[in-house]
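The values are calculated or read from the model by the stated rules, or taken from the named source; none is laboratory data. Since the structure is predicted, the reported quantities are computational estimates derived from the model, not experimental observations. Here Cβ is always computed from backbone atoms with ideal geometry, including for glycine, and neighbour counts include all displayed protein chains. Accessible surface is based on the protein model in full, side chains and every heavy atom, while ligands, DNA and RNA are left aside. Shrake-Rupley method; radii C 1.70, N 1.55, O 1.52, S 1.80 Å.
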Amino acid sequence: MDCKEAANLFEDSTKIEVTQIERCGVGIANYVFIVTAVAEKFILRCSREEDAYKDTIYWLNRLSACEIPIPVVLSQGKYRNYFYLILSYIRGDDIGNVYSLLNDNEKRQIAREVVAIQRRVSKLDIVTDAEWTWNRVVDEMLDRAEERIKRKQYFDINKIDILRTLKQEIQEYLDKVPPTPYLDDISTKNLLIYEGRLSGIIDIDWMGFGDMLTFVAMTKVALLNMDLDTRYVDYLLEEMQPDGIEYKAFVFYCLMYCVDFMGERGMRFLDKTIPVNESIIRRLNDIFDIFMEEWNRSMRVADAGKFSIQNVGNIQDTVSQS
């Protein structure tokens with residue numbers, strides 16, 4: 001879908017004239033546009049899948065009770081071969097795009113607000129499938145990464161076997177993780193920052209159920225992959241205060257997201273292909289190796305008790321030097 005067709009969709013469904021429209025760079029599963037009409041901005045999301053926004057609408061309605069900064073559903077419907085969703089616009093840019101402009105105090109404050117939001121979300125009353133277990137969720141992520149890495153062959157498939165072996169060391173912990181609801185897709189994207197402050201959370205198409213530490217792990221891998229410092233992650237961990245075994249699980253999740261990132265390289269979503277080249281391959285392999293070293297050091301954190309920045313090394317510096 002191009003901007004012209006998207007503008008026609010918006011005008012036909014709202015009867016409001018579009019004065020400006022631009023496609024967002026984010027969004028690999030949907031076409032996403034910022035629409036300006038009558039001096040007001042809107043978000044237009046489009047998909048060819050009939051039920052593409054069923055869960056999005058459901059969770060935005062459920063989360064409205066949590067008093068967190070999320071979009072409001074304004075309209076939904078079908079236009080030709082596309083199903084669409086029109087949402088209110090929230091000012092700001094993805095944290096990954098403005099991260100280098102944030103100072104440490106701003107990163108710390110954003111971390112406080114994000115953890116507070118996650119704790120509000122965790123109180124939602126939810127029901128999971130009878131077959132749900134956190135252990136199964138982890139296995140499915142590893143299986144998906146394995147299938148993708150095998151298909152593209154950019155990375156060593158033995159990394160999945162290594163993770164399955166490490167998983168056995170924290171199996172008792174994983175078996176006890178309850179289906180706690182949390183926002184699992186806010187890393188370097190979907191978390192909007194405006195003038196140094198958290199302004200909104202977007203692209204809530206599903207919810208995570210299980211260990212909240214995974215969103216922190218995904219954020220750390222994403223920041224390292226972008227060659228950015230990880231002090232924001234340190235502040236998230238300081239707010240969450242994981243104990244020794246929780247920190248070890250966090251490092252395992254970092255490794256898990258690392259192979260997940262590897263599996264995505266070269267994949268095509270809609271009209272976008274996830275880039276891959278020798279530099280990207282080398283960087284992700286370096287990040288994996290460094291997290292393996294962190295895994296071996298994770299008992300130091302266990303002996304020290306609660307998490308503190310002083311108890312862990314600066315992984316970002318190590319990646320930058322490799």
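General observations
- For segment 126-159, filtered to residues that are among the charged types (D, E, K, R) and in contact with a helix residue (DSSP H, G or I) (Cβ under 7 Å, 6 or more places away or on another chain), the residue that is most open to solvent (accessible area, probe 1.4 Å) is Arg144.
- Positions within segment 179-214 being crowded, with 22+ Cβ neighbours inside 10 Å, over 23 Å from Val73 (Cα atoms) and in contact with an Asp or Glu (Cβ under 7 Å, 6 or more places away or on another chain), in sequence order: Leu213, Thr214
- Inside segment 202-233, residues that are over 21 Å from Ala249 (Cβ atoms), outside any helix (DSSP H, G or I) and not aliphatic (A, V, I, L, M) make up a count of 5.
- Ile162 surrounded by fewer than 19 Cβ atoms within 10 Å (Cβ to Cβ) and under 22 Å from Glu246 (Cβ atoms): yes
- Subset of segment 253-282 (residues that are charged (D, E, K, R) and either open to solvent by less than 20 Å² (accessible area, probe 1.4 Å) or part of a helix (DSSP H, G or I) (or both)): Asp260, Glu264, Glu278, Arg282
- When residues of segment 42-69 are limited to those that are closer than 15 Å to Leu85 by Cβ and hydroxyl-bearing (Ser, Thr, Tyr), the one most open to solvent (accessible area, probe 1.4 Å): Tyr58
- Residue in segment 25-41 that is open to solvent by 80 Å² or more (accessible area, probe 1.4 Å) and outside any strand (DSSP E or B) present: yes
- Per-region count, segment 227-239, residues surrounded by fewer than 19 Cβ atoms within 10 Å (Cβ to Cβ) and out of contact with any helix residue (DSSP H, G or I) (no Cβ under 6 Å at 6 or more places or on another chain): 2
- Meets criteria (modelled with pLDDT under 95, in contact with an Asp or Glu (Cβ under 7 Å, 6 or more places away or on another chain) and among the basic types (Lys, Arg)) for Lys272: no
- Criterion (assigned to a strand (DSSP E or B) and among the aliphatic types (A, V, I, L, M)) met by exactly one of Ile57, Ile86, Ile117: Ile86
- Taking the criterion of being within 14 Å of Glu195 (Cβ to Cβ), touching a Ser or Thr at 6+ places or on another chain (Cβ under 9 Å) and crowded, with 17+ Cβ neighbours inside 10 Å, the residues of segment 73-110 that qualify are Ile90, Gly92, Ile95.
- Residue in segment 11-24 that is modelled with the highest pLDDT, counting only those that are out of contact with any helix residue (DSSP H, G or I) (no Cβ under 9 Å at 6 or more places or on another chain) and part of a loop (DSSP other than H, G, I, E, B): Thr19
- Which listed residue is closer than 20 Å to Pro69 by Cβ and either more than 17 Å from the chain's Cα centre (by Cα) or acidic (Asp, Glu) (or both), from Asp211, Asp203, Asp161: Asp203
- Conditions (1) open to solvent by 80 Å² or more (accessible area, probe 1.4 Å); (2) of a type in the set (Phe, Trp, Tyr); (3) not in a loop (DSSP other than H, G, I, E, B): number failed by Tyr173: (1)
- Among the residues of segment 89-118, just one is touching a Phe, Trp or Tyr at 6+ places or on another chain (Cβ under 9 Å) and without any contact (Cβ under 8 Å) to a residue 60 or more places away in the chain, namely Tyr89.
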